[in-house]
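Note sheet for the following structure.
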Amino acid sequence: MSLKKSIAISACLLGHKVRYDGAHQENIVIQQRLEPGFHIIPVCPEVEIGLGVPRDKIELHQRGEQIHLLSCSLPLIDLTEQMIAYAQIFLHKHKIFGMILKDKSPSCGVANCKQWNTTGEIQYHGTGIFAATIMQLKPELPMLQSNQVTQSRDLDDFIAKVKKYAD
Ligand code: SF4
């Protein structure tokens with residue numbers, strides 16, 4: 001068994017072809033910096049809740065006070081509870097010390113997701129349902145959104161937070 005601390009990373013950032021369109025979003029900088037020192041757990045929450053590859057896009061919509069994860073095509077399917085349940089299962093199954101998640105995703109995005117408000121206007125500050133649930137359950141867990149990695153120092157800062165969290 002690996003003695004390395006575990007970090008979960010959106011599977012598409014690791015080169016897995018799991019995006020809705022069958023592509024990946026490989027980020028070599030993240031991989032090369034983290035793989036030597038950590039046990040990496042790839043996670044694609046949309047695949048894990050049973051959405052295939054390729055699949056229809058899904059979106060964040062505000063309904064009253066709550067944000068819902070909805071299918072784009074009809075019949076409208078509300079995936080919110082399924083995604084929340086999967087995030088709970090994920091944390092129960094894996095002892096992780098940090099997460100790096102793909103930005104803009106209605107599942108993984110931390111803070112810059114497209115989201116429709118109650119009057120149908122688009123906003124760009126939404127949080128994906130998987131990420132939001134993890135943050136709610138583990139507010140201290142170091143979390144980095146992929147677009148925040150612009151230089152190696154960003155990863156150094158993240159790694160320092162992970163080490164501090166593990167202590
Ligand atoms: S952003 Fe998240 S849900 Fe979307 S493909 Fe990547 S890992 Fe899967």
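Just one of the listed residues (62, 25) is closer than 26 Å to residue 93 by Cα and either among the small types (Gly, Ala, Ser) or modelled with pLDDT of 95 or more (or both), namely 25.
Restricting the search to the range 1-51, which residues are acidic (Asp, Glu) and open to solvent by less than 30 Å² (accessible area, probe 1.4 Å)?
Residue satisfying the conditions is 46 alone.
The strands (runs of 3 or more DSSP E) falling completely within the range 1-73 that include 2 or more residues that are within 14 Å of the ligand (Cβ to nearest atom), in contact (Cβ under 8 Å) with a residue 24 or more places away in the chain and in contact with a Pro (Cβ under 9 Å, 6 or more places away or on another chain) map to 6-10, 58-63.
The values are calculated or read from the model by the stated rules, or taken from the named source; none is laboratory data. Please read all numbers here as calculations on a predicted model, not as lab measurements. We place every Cβ from the backbone using ideal geometry, glycine too, and count neighbours over all the protein chains shown. Note: accessible area is taken over every heavy atom of the protein model, side chains too, but ligands, DNA and RNA are not part of it. Shrake-Rupley method; radii C 1.70, N 1.55, O 1.52, S 1.80 Å.
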